[in-house]
Amino acid sequence: MKRDYICLYIKLKYKEPMNLRRFLFLSLWGALFAAMTACKKGENDPFFSFKSRNARLKGTWKLVGKEAVLGNSVLVGQAPPVNYYVASTYDGTKEIMTITSNNITTKMVYYDSEITFSEKGDLSYSLFIYFLSDTLNQVFKTAAFQGTGTWVWNDMDKNKLGLQLIPDHLPIVPDTLNMGTLFPFELAGNYYLDRLSNKELWMKRSGTRTTQIDSIVTTTSFEIKWSFQKK
């Protein structure tokens with residue numbers, strides 16, 4: 001009987017540390033898994049990152065890609081509305097916009113654009129547009145548009161999926177250059193962060209808006225994606 005007690009004691013003595021190690025391992029793995037899944041917010045976010053979303057956002061980002069689809073309806077007085085559609089792409093050097101209405105026209109603008117975020121909520125941005133002044137010798141002139149502003153997470157810091165950009169003033173971009181495809185010609189607005197890694201930023205924006213100048217009412221629906229790389 002005494003020997004049975006001794007055997008039972010030995011079994012418990014060596015079983016408890018094993019259960020403790022298993023408990024600690026599972027607890028550690030559970031905490032690590034929760035931390036990793038918490039890093040993934042946007043649909044295409046990295047599964048794991050050692051940096052917070054604020055730290056990943058901080059820095060200077062160069063616009064390297066853009067895809068935009070817009071539908072426009074222009075109403076002048078009592079006349080029937082004029083509808084036209086826009087498909088636009090940017091490859092890091094030039095933006096090509098195809099406008100489809102009664103006929104098809106193409107518009108092209110060469111530019112570079114960057115935006116810089118600080119962790120404290122400040123931002124600065126730049127847009128350099130290049131005009132072809134000498135077609136024969138491929139000579140360009142440059143127009144620079146630069147400004148500052150602020151940014152905030154528009155979902156109260158909970159998920160940090162939405163980014164609101166607030167410029168200090170609106171850049172004065174000539175109407176003949178304004179592509180009507182928002183950033184970088186227009187900064188202000190709410191953007192969904194589809195991907196935010198240490199080196200890549202994908203932003204999306206979609207919706208409908210109406211503007212009126214005198215008797216001209218323009219309603220625009222849009223769906224746009226921007227791709228940035230950190231410098």
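The values are calculated or read from the model by the stated rules, or taken from the named source; none is laboratory data. As the structure is a prediction and not an experimental result, all values here were calculated from the model. Here the Cβ positions follow ideal geometry from the backbone for every residue, glycine too, while neighbour counts run over all protein chains shown. Ligands, DNA and RNA are excluded from the accessible area calculation, which covers all protein heavy atoms including side chains. Shrake-Rupley method; radii C 1.70, N 1.55, O 1.52, S 1.80 Å.
Brief remarks follow.
- Mean separation of Cα pairs under 8 Å and 6 or more residues apart, divided by the residue count, gives region 180-231 a relative contact order of 32 percent.
- When the surface is traced with a 1.4 Å probe over the full set of protein chains, Arg195 keeps roughly 50 Å² accessible.
- What region 102-229 shows is 57 Å² of accessible area per residue, with the surface traced by a 1.4 Å probe over protein heavy atoms.
- Entry note, region 118-169: relative contact order of 31 percent, from Cα contacts under 8 Å with a spacing of 6+ residues.
- Size descriptor, Kirkwood hydrodynamic radius, that averages inverse alpha-carbon separations across region 84-221, Å: 17.1
- Cβ-based charge dipole, region 112-231, positive-most Cα from Thr148, Ile224, Leu193: Leu193
- Whole-Hz couplings from phi, Karplus 6.51/-1.76/1.60, listed for region 117-130; x for Gly and Pro: 10, 9, 5, 8, x, 9, 8, 9, 8, 9, 9, 10, 9, 10
- Oblate is the label for region 89-169, because the ratio a/c of its alpha-carbon gyration tensor axes (a ≥ b ≥ c) is 1.5 or higher and a/b is not greater than b/c.
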